[in-house]
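J.: Below: one structure in structure tokens.
The values are calculated or read from the model by the stated rules, or taken from the named source; none is laboratory data. Not measured: the values here are computed from a predicted model. Glycine gets a Cβ as well: all are built from the backbone with ideal geometry, and neighbour counts include every protein chain shown. Just the protein is used for accessible areas: all its heavy atoms, side chains included, with ligands, DNA and RNA removed. Shrake-Rupley method; radii C 1.70, N 1.55, O 1.52, S 1.80 Å.
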Amino acid sequence: MASYMIRGGNRLVGDVTISGSKNAALGIIAASMLLDGPCKIDHAPNVDDINMLVEICRSMGAQIRREADGALEIDPRFVTNGETIDERSRNIRGSYYLLGAMLGRFNYASIYMPGGCNFGPRPIDLHVKGFEALGATTVFEHGRITVSSEKMQGEHIFLDTVSVGATINIMIAAAKIEGVTVIENAAREPHIVDVANFLNTMGANIRGAGTDVIRITGVPVLPGNVSYSIIPDQIEAGTYMLAAALTRGDVTVRNIIPKHMEPLSAKLEEMGARVVSGDDSIRVFIPEDTVLQATSFRTMPYPGFPTDLQPPTTVLLCTAQGSSKMTENVWDNRFQYIDDLKTMGADIMIAGRLALIEGGNPLTGAKVFARDLRAGAAMVLAGLVAEGTTEVNDVSKIERGYESFVKKLQDLGADITRIDS
Ligand code: EPZ
């Protein structure tokens, strides 16, 4: 089990370049399995979740090569049926997009139930509801989910909860089936737009992605044979923006879409940080003599404040002056890391989905765990400002989603080392 040793106290200063979006890449790589020809995907991040999905696609017959510049050359034409027997699909969440892709391509898809970060129940009933509306039947058996249909047909689907995964999965499944599918109450996250743009570039006809109504007119063939570049990772960018504010540093986060960062930028400014947006960069710093002030956050689907930035933001609130509130509206149980933060000296009380944070208690180094991907990143951030040494264990969870995390932090001046044990 690898760990990170962090000696706190260094201000982060300099530039950091953000990688391609992990959550967009998961949808796009799975969606590429639907194509009738090869494609090239630039900026697919080199992180464990993506590499695992690539391995699963290879096990299905796809030919995938990673170029020296990180681009993925994908040829899905050798996938001959929708059966995915690779057990690694249990380890990641994004494997569920293979259901939509294989159902759309073969009218049949079968995989082991997807895994992923554990923060309470992660149902897939809305995915299933969508597939069934399109004409599929679903069987859950021996830890597997199988969806199949004699004939798929476009339909009107209303999602009663806003779900990123269900929106993307239904969009993928519908891209090649006959008729028009309309998804209402669709999620609007940037990576939904990215998956839709990818499919459109490959020949699909998807309109409205980024709004709450998406209209997919099925096309018989998705020729592919085109390159596509994945958008920058909104959550990775946010993590470095928070790290800059937390260490009272001065960091320019490059290769990003500043619009995607507005929910965070606005709140950082409200707390007293300076956030200067360029065309594809954001600089975050704290003006001299400014004391960051407490505030309240509520996580919401996009364009609200992203739940995936909730854990690192809570760490920042520990260092602000006054009492802050963090309300988690998306996941039932995403405060598990708070016990670790408390062992580092944080003053936080949890009441259901609300965390009350009393800022100003100095954090002190301790042995803590990466409970999940973003909680792990939060622990690293806490270590950056804690007095003494923090040991973050089980960091493979962090490496599922942050490309070159240690190197990027070191380049900004952090004292962090990876220990293999
Ligand atoms: C995606 O998960 C992301 N994962 C998560 O990021 C992110 O936290 C989440 O969206 C919300 O933004 C990937 O993209 C791989 P949802 P997803 O379906 O799609 C309920 C990270 O750290 N729901 O939008 O699984 C669900 O319980 C990961 O990168 C149903 O009720 O999330 C939740 O309360 C962690 N039924 C809400 O919807 C369903 O069928 C939103 O979930 C599906 C979801």
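J.: If only one of Arg188, Arg215 is within 16 Å of the ligand (Cβ to nearest atom) and open to solvent by 40 Å² or more (accessible area, probe 1.4 Å), which one is it? Spell out the reasoning first.
T.: Numbers: Arg215 fails: within 16 Å of the ligand (Cβ to nearest atom).
After ruling out the rest, the residue left standing is Arg188.
J.: Since Glu150 meets every condition but one in (1) more than 16 Å from the ligand (Cβ to nearest atom); (2) open to solvent by 40 Å² or more (accessible area, probe 1.4 Å); (3) closer than 20 Å to Asn23 by Cα, which condition does it not meet?
T.: Evaluating Glu150 over (1) more than 16 Å from the ligand (Cβ to nearest atom); (2) open to solvent by 40 Å² or more (accessible area, probe 1.4 Å); (3) closer than 20 Å to Asn23 by Cα leaves (3) as the failure.
J.: For a quick check of your reading of the model, give me the residue pairs whose first member lies in segment 121-146 and is closer than 13 Å to Asn169 by Cβ, whose second is within 16 Å of the ligand (Cβ to nearest atom) and part of a strand (DSSP E or B), with beta-carbon atoms closer than 6 Å and at least 6 apart or on different chains.
T.: Listed pairs, sorted by first residue: Val128/Thr138; Gly130/Ile157; Phe131/Val147; Ala133/Ile157; Ala136/Val147; Thr138/Val147.
J.: I would also like to ask the following. Given the criteria hydroxyl-bearing (Ser, Thr, Tyr) and under 24 Å from Gly9 (Cβ atoms), does Ser296 qualify? Talk me through it step by step, then tell me what you get.
T.: On the way: hydroxyl-bearing (Ser, Thr, Tyr): yes; under 24 Å from Gly9 (Cβ atoms): no.
It is false that Ser296 is hydroxyl-bearing (Ser, Thr, Tyr) and under 24 Å from Gly9 (Cβ atoms).
J.: So which residues in segment 268-284 are open to solvent by less than 40 Å² (accessible area, probe 1.4 Å) and not small (Gly, Ala, Ser), if there are any at all? Talk me through it step by step, then tell me what you get.
T.: Initial filter on segment 268-284 (open to solvent by less than 40 Å² (accessible area, probe 1.4 Å)): 268, 271-273, 275, 278, 281-282, 284.
Leu268, Met271, Val275, Ile282, Val284 - these are the residues of segment 268-284 that are open to solvent by less than 40 Å² (accessible area, probe 1.4 Å) and not small (Gly, Ala, Ser).
J.: While we're here: Just a yes or no: is a residue in segment 375-383 within 30 Å of Asp289 (Cα to Cα) and open to solvent by 10 Å² or more (accessible area, probe 1.4 Å)?
T.: Checked segment 375-383: no residue is within 30 Å of Asp289 (Cα to Cα) and open to solvent by 10 Å² or more (accessible area, probe 1.4 Å).
J.: Taking the condition away from the ligand (no atom under 11 Å from the Cβ), free of Cβ contacts under 8 Å to residues at least 40 places away in the same chain and not β-branched (Val, Ile, Thr), does Gly179 pass?
T.: Taking the combined requirement at face value, the residue satisfies it.
J.: Taking the options Ala68, Ala109, name whichever one is away from the ligand (no atom under 15 Å from the Cβ), open to solvent by 10 Å² or more (accessible area, probe 1.4 Å) and on the phi < 0 side of the Ramachandran plot.
T.: Unique residue meeting the criteria: Ala68.
J.: If you don't mind, another one. Return the residue satisfying two criteria in turn: it lies in segment 310-322 and is in contact with a Gly (Cβ under 7 Å, 6 or more places away or on another chain) and polar (S, T, N, Q), and of such residues it is surrounded by the fewest Cβ atoms within 10 Å (Cβ to Cβ).
T.: The residue in question is Gln321.
J.: Ok, one more. Go through (1) crowded, with 22+ Cβ neighbours inside 10 Å; (2) in contact with a Phe, Trp or Tyr (Cβ under 8 Å, 6 or more places away or on another chain) for Asn393 and report which single condition fails.
T.: Here Asn393 meets the rest and fails (1).
J.: Also, I was wondering about something else. What number goes with the only condition from (1) within 11 Å of the ligand (Cβ to nearest atom); (2) open to solvent by 20 Å² or more (accessible area, probe 1.4 Å); (3) touching a residue at least 24 places away in the same chain (Cβ under 8 Å) that Glu83 does not pass?
T.: Going through (1) within 11 Å of the ligand (Cβ to nearest atom); (2) open to solvent by 20 Å² or more (accessible area, probe 1.4 Å); (3) touching a residue at least 24 places away in the same chain (Cβ under 8 Å) one by one, Glu83 breaks only (1).
J.: How many residues does segment 298-309 contain that are within 10 Å of the ligand (Cβ to nearest atom), open to solvent by 10 Å² or more (accessible area, probe 1.4 Å) and of a type outside the set (S, T, N, Q)?
T.: Qualifying residue count, segment 298-309: 6.
J.: Please go through segment 323-334 and pick out each residue that is of a type in the set (Ser, Thr, Tyr) and either open to solvent by less than 40 Å² (accessible area, probe 1.4 Å) or part of a helix (DSSP H, G or I) (or both).
T.: Initial filter on segment 323-334 (of a type in the set (Ser, Thr, Tyr)): 323-324, 327.
Answer for segment 323-334, where residues must be of a type in the set (Ser, Thr, Tyr) and either open to solvent by less than 40 Å² (accessible area, probe 1.4 Å) or part of a helix (DSSP H, G or I) (or both): Ser324, Thr327.
J.: Next question, about the same structure. Among the residues of segment 153-171, how many are outside any strand (DSSP E or B) and within 13 Å of the ligand (Cβ to nearest atom)?
T.: Kept after step one, since they are outside any strand (DSSP E or B), are these residues of segment 153-171: 154-155, 159-171.
With within 13 Å of the ligand (Cβ to nearest atom) added as a condition, the list becomes 159-171.
Matching residues across segment 153-171 total 13.
J.: Give Gly203, Gly224 a once-over and let me know the one that is open to solvent by less than 20 Å² (accessible area, probe 1.4 Å), assigned by TED's automatic domain parsing to the domain that holds Leu159 and at positive phi.
T.: Step by step, each of Gly203, Gly224 is checked, and only Gly224 is open to solvent by less than 20 Å² (accessible area, probe 1.4 Å), assigned by TED's automatic domain parsing to the domain that holds Leu159 and at positive phi.
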